[in-house]
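Everything below concerns the one structure shown next.
Each reported figure results from applying straightforward, stated rules to the coordinates on display, with no laboratory input. These numbers were taken from a predicted model, which means no experiment stands behind them. Cβ placement follows ideal geometry from the backbone for every residue including glycine, while neighbour counts extend to all protein chains displayed.
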Amino acid sequence: MYGVISMDLDEQYPDARICFSREEYEDMFNVVARWYQSYPEYIATGILNTPDYLRIFDMDYERIGEPCVYIEDGQVFELGDYAVSAI
């Protein structure tokens, strides 16, 4: 999800809805801090300086704003001819 926002796909597809579980949304703001808790500092710092990290995670998280939908287990979303179930 983070990469979708950072690649400006939200601007290309304005009818798309941003969906998160409450846990994922709240956790999004703490992912880097958890790396420093889980890994030695040199590894966490190395992750932060990789091109892949910068491409996906280095963004203004405030752009996401409040999700359109908070996903809960068992919800079903229609995607064209498909039904996607949250588990």
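Projecting label points 7 angstrom from Cα along Cα→Cβ for residue 56 and residue 37 puts them 2.0 nm apart.
For residue 75, the residues whose amide H sits under 5 Å from its own are 86, ignoring neighbours fewer than 5 places away on the same chain, with H placed 1.01 Å from N. Candidate values [x] 15.3, 47; [y] 17.6, 55; [z] 11.5, 35 were compared with Rg and Dmax of the Cα atoms in Å computed on the shown model; the agreeing label is [x].
Counting charges near residue 85 (Lys, Arg +1; Asp, Glu -1) among other residues having Cβ under 14 Å from its Cβ returns a value of -3.
Treat every Asp and Glu Cβ in the chain as -1 and every Lys and Arg Cβ as +1, leave all other atoms uncharged, and give the resulting dipole magnitude about the Cα centre to the nearest 20 debye.
Dipole magnitude for the chain comes out near 260 debye.
Report, please, the projected area of the stretch 34-80 averaged over directions, based on the convex hull of its C-alpha atoms, in nm².
Here the figure is 5.8 nm², rounded to one decimal.
3J(HN,Hα) couplings calculated from phi for the stretch 58-74 with the Karplus curve 6.51 cos²θ - 1.76 cosθ + 1.60 (θ = phi - 60°) are, in sequence order, 7, 7, 8, 5, 5, 4, 5, x, 6, x, 5, 9, 8, 7, 10, 3, x Hz; Gly and Pro show x.
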